[in-house]
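The values are calculated or read from the model by the stated rules, or taken from the named source; none is laboratory data. Since the structure is predicted, the reported quantities are computational estimates derived from the model, not experimental observations. Neighbour counts are summed over all protein chains in view; Cβ atoms, including those assigned to glycine, are modelled from backbone coordinates with ideal geometry. Areas reflect the complete protein model, heavy atoms only, side chains present, ligands, DNA and RNA absent. Shrake-Rupley method; radii C 1.70, N 1.55, O 1.52, S 1.80 Å.
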Amino acid sequence: MTTTGPPPLTVVPPGQGSSGTLGSIGVDFKLWGRDTGGAVSIVEHPFPVGALVRPHLHTREDEYSIVTEGEIGFRSGDREAVLGAGGYITKPRDELHAMWNAGAVPARMIEVISPAGFENFFHELSELLLSVSQPEVSEIAELAGQYGLQFGQPDWLPDAIARYNLTPLPE
């Protein structure tokens, strides 16, 4: 009989972990799936003023966000919220959602991804963005498809861009 124990203890001191870029926002890797037995992964996202994360949906994982600095706007389905530091929100799989810096100062949030695995998309996208100045849309779409990620262009997006003075996304 084989006994499986808990994953090994992982310690990530404040300010530690690798970092990358996702285009409009950054990504700081804190806990990978290999650190948690695949249960969750945790990243932090710094949001510059005007930053917008393109509307998208996940087909394989749920996300749980905790705002730690500034104000971040969220839209999931037909629900919208702006949260300041200490606010929490769930973003269920298979529901189109977007996020943006809703304030006049940089913002930051912690993202808990369950189950783990999607942190690898962030890593691969960051590597792609660092290797070429402007990747082909088809490259990003192919990578997204490998992780069950789908992008959308909802009718509410232009209004959110105007209301929060967001940087429009390249097509």
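Given charges of +1 on the Cβ of Lys and Arg and -1 on the Cβ of Asp and Glu, with all other atoms neutral, how large is the dipole of the range 20-116 about its Cα centre, in debye to the nearest 20?
120
Using the Cα centre of the chain as the reference point, and only Cβ charges (+1 on K/R, -1 on D/E), how large is the resulting charge dipole? Debye, rounded to the nearest 20.
340
Whats the longest run of the chain with zero trypsin sites (Lys or Arg not before Pro) that are DSSP loop and have at most 15 other Cβ atoms within 10 Å?
Free of exposed loop sites, the longest segment is 94-171.
Assuming a viscosity of 1.567 mPa s and a temperature of 4 °C, what translational diffusion coefficient in µm² per second does Stokes-Einstein assign to the range 70-117, Rh being the Kirkwood radius over Cα pairs?
Roughly 112 µm²/s, to the nearest whole number.
How many percent of the accessible area of the range 1-104 is carbon or sulfur, using a 1.4 Å probe?
Of all accessible area on the range 1-104, carbon and sulfur atoms account for 56 percent.
Nearest 10 degrees, 0 to 90: what angle lies between the long axis of helix 137-146 and the longest principal axis of the chain (Cα atoms)?
With rounding to tens, the tilt is 40 degrees.
Just check the range 1-54 against the gyration tensor rule for me: Cα atoms, a ≥ b ≥ c as the square roots of the eigenvalues, rounded for a/c under 1.5, and otherwise prolate or oblate depending on whether a/b exceeds b/c.
Cα axes put the range 1-54 in the prolate bin.
Assuming R0 = 35 Å, can you tell me the calculated FRET efficiency for the pair GLU80 and ALA144, based on Cβ-Cβ distance, to the nearest 0.05?
Working from the Cβ atoms, E equals 0.90.
Per residue of the chain, what 222 nm ellipticity follows from adding -39500 (n - 2.57) for every DSSP H run with n ≥ 4, rounded to the nearest 500?
My calculation for the chain gives -5000 deg cm²/dmol from helical runs alone.
Round to the nearest 10 and give me the degree value, 0 to 90, for the angle of helix 119-131's Cα axis relative to the longest principal axis of the chain.
Taking Cα atoms only, the helix is inclined about 60 degrees.
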